[in-house]
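The values are calculated or read from the model by the stated rules, or taken from the named source; none is laboratory data. None of these values were measured; they are calculated from a predicted model. Backbone-built Cβ (ideal geometry, glycine too); neighbour counts: all protein chains shown. For the accessible areas, the whole protein counts, side chains as well, though only heavy atoms, and no ligand, DNA or RNA atoms are used. Shrake-Rupley method; radii C 1.70, N 1.55, O 1.52, S 1.80 Å.
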2 protein chains.
Amino acid sequence: MTYSSLTCDCLETGHWDRNRFEAARKGGLDCIHVTLGVWEDFRETVREITKWRRLIDDHADLVTLANTVEDVEKASQTNRTAIVFGLQNTAAFEDDIELVGVLHELGIRVAQLTYNIQNLVGSGCWEPEDRGLSTTYGRGVVREMNRVGMLIDLSHCGEATSQEAAELSERPVAVTHSNPREFVGEDVELPIRNKSTHLLRTVAEKGGVVGLSPYPRMAPDGNACTVERFCEMVEWTLDLLGPIAVGIGTDLNLGNENKMAWFRKGRFAREFAIKPRGGATKWPTWFSSPEHFPVIADGLRARGLSQDVIDGVMGGNWMRLFDESFKPMS
Amino acid sequence: MTYSSLTCDCLETGHWDRNRFEAARKGGLDCIHVTLGVWEDFRETVREITKWRRLIDDHADLVTLANTVEDVEKASQTNRTAIVFGLQNTAAFEDDIELVGVLHELGIRVAQLTYNIQNLVGSGCWEPEDRGLSTTYGRGVVREMNRVGMLIDLSHCGEATSQEAAELSERPVAVTHSNPREFVGEDVELPIRNKSTHLLRTVAEKGGVVGLSPYPRMAPDGNACTVERFCEMVEWTLDLLGPIAVGIGTDLNLGNENKMAWFRKGRFAREFAIKPRGGATKWPTWFSSPEHFPVIADGLRARGLSQDVIDGVMGGNWMRLFDESFKPMS
């Protein structure tokens, strides 16, 4: 496979500008999966798509849009970072199954089924009860995403919704940015964002990939997480799921402070029931910029992992999954 | 050119179902340009696009979507009618120039700049005053349609808006469904829908095509228009504009009665200032179904026109124009 050594951070959000794209180049990133919407409806999502396209056009010497893995390869060959468009919610589909295909046509390649709370499709991880996918629309969206070639992301979904979607999906599914709850434990700010061993095993068995994150609210040891401890978690997860099911999805949210209220309560609430700490995330010094991405590879090498396994974790596994996921079902 | 003998009705509206598609096949129509929206905003237009796609899928033995002239050729070779998606207004672009390209990506290939009244782009033909294209957005939309490959239709536009757009456009423009006002005269219900000789000449000089219509409210002799009289108008227009600038756009609006109020006053008025007769259009017996399309060719043959010229009028000229219009500017 020609894509086995491409690198990919499978979830970054926040503010994007030339400085950040330059940092991604310095970090040798061939591909970043970015978030275009959470609570945005269809019309608002189309606006975000067109804004992102102009942003990419304006910095075409540094970045390019990727609709396929071939596009990532071309980006890498021309020393640019390929941007994969994703959504962290299905709000953009509204109540219209047709919009899944329309958004795929417009470039969306990944969508998380729910963002923290209950929506038309299923439950988020912050809900006290998760009744799984809604029978008609939720299951229909999973099938439609399979059909058109949009990768299902379960990161912020609740346990039952995640498990049901992973089992129902006819194509591999992803957890782009969560950690194994069994390894991290409950002593972090958002243990609910991490995933059960049962779910992770299901994802891996389906051919999916799990993206691990140094995000302090869910990383092992929280704000005190070192690169060594992070890499220990990577190795633990590799032991659990095997070498082709583990990747990186840092959740790096630089410049996200102004949008924090939008992510947390959208327009559905005046006050959010669960109140995590606001303000800027305190990223560890060893990972506070896309520029630091190679630090993770160095940490994995220091643990004695083979180059093949490291290549898979640093991006090859995402490329394999993207290649299997982004085209319409034949 | 392989497309010179393809047939095309460059404007039909109203209700579509299997019976009508079968009638189009009986009429030997290789291509019909249909209307997906007038006052619909972007979201509503996307809904119409997805509804039309399902309609086409449901009758895939009779019809297929055309994004290019090659698609029309393929339709003809498989005995199907190619559907070209069009809008009779720029309401779908809202105030967002980016939506021109987005709607092109989703299949819209033709858009009329205004529908009867003033909009953000320019003036319609029913306005007492027409101040031309709006300086910033109107001219910008013309340039953007040129850039992405969306054919500009001037049929319901006012005289000044039409003239300015025809002159500004860097690509040929169309009048898909109007008649020459000089030939028809003022003694019809809607003389304002017909076009001045000056404008028609400008359209032809730019490489555009004018589609003539037996619609009784604007055809010569109104409801009494015979096929002979209609063909006399075709020949008169050919003499005026030359053999490659004339086509057919019947405006056949079967089953449109329920939507008449929507076309006439959208949601912008409770009562329309100009009140044309409501109710179903009384189509002439010689043209009341797509099945009757060959009657026009017969009428032109009876006038002694050459087969080459007849082929151009019956669709070849639209195919040439579509071929020059539907792809992004290089």
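Checked against the criterion of being farther than 30 Å from B:Asp17 by Cβ and touching a strand residue (DSSP E or B) at 6+ places or on another chain (Cβ under 8 Å), the candidates B:Gly122, B:Gly132, B:Gly86 yield just one match: B:Gly122. State whether one or more residues within segment B:196-217 are touching a strand residue (DSSP E or B) at 6+ places or on another chain (Cβ under 7 Å) and hydroxyl-bearing (Ser, Thr, Tyr). Yes, the conditions are met somewhere in segment B:196-217. The sole residue among A:Val102, A:Val142, A:Val121, A:Val110 that is modelled with pLDDT of 95 or more and part of a loop (DSSP other than H, G, I, E, B) is A:Val121. Can you confirm whether B:Ala75 is among the aliphatic types (A, V, I, L, M), over 18 Å from B:Glu40 (Cβ atoms), part of a loop (DSSP other than H, G, I, E, B) and more than 14 Å from chain A (Cβ to nearest Cβ)? Here the answer is no, as B:Ala75 does not meet what is asked. Note on segment A:30-61: among residues that are within 17 Å of A:Cys8 (Cα to Cα) and open to solvent by 10 Å² or more (accessible area, probe 1.4 Å), the one that is farthest from the other protein chains (Cβ to nearest Cβ) is A:Asp30.
All of B:Arg147, B:Arg171 fail the test of being away from chain A (no Cβ under 14 Å) and either part of a loop (DSSP other than H, G, I, E, B) or more than 24 Å from B:Met218 (Cβ to Cβ) (or both), apart from B:Arg171.
Under the condition of being polar (S, T, N, Q) and either within 14 Å of chain A (Cβ to nearest Cβ) or in a strand (DSSP E or B) (or both), the residues counted in segment B:124-139 number 0.
Given the structure, is B:Asp95 of a type in the set (Asp, Glu), open to solvent by 10 Å² or more (accessible area, probe 1.4 Å), touching a residue at least 24 places away in the same chain (Cβ under 8 Å) and more than 9 Å from chain A (Cβ to nearest Cβ)? When the stated conditions are applied, B:Asp95 passes them. Checking each residue in segment A:89-119 for being in contact with a strand residue (DSSP E or B) (Cβ under 7 Å, 6 or more places away or on another chain), within 14 Å of A:Asn146 (Cα to Cα) and of a type in the set (A, V, I, L, M, F, W, C) picks out A:Ile108, A:Val110, A:Ala111, A:Leu113.
Counting only residues that are surrounded by fewer than 18 Cβ atoms within 10 Å (Cβ to Cβ) and under 14 Å from A:Ala160 (Cβ atoms), segment A:115-134 holds 4 of them. Would segment A:16-29 turn up any residue that is assigned to a helix (DSSP H, G or I), out of contact with any Lys or Arg (no Cβ under 9 Å at 6 or more places or on another chain), away from every other protein chain (no Cβ under 14 Å) and small (Gly, Ala, Ser)? Yes, segment A:16-29 contains a residue that is assigned to a helix (DSSP H, G or I), out of contact with any Lys or Arg (no Cβ under 9 Å at 6 or more places or on another chain), away from every other protein chain (no Cβ under 14 Å) and small (Gly, Ala, Ser).
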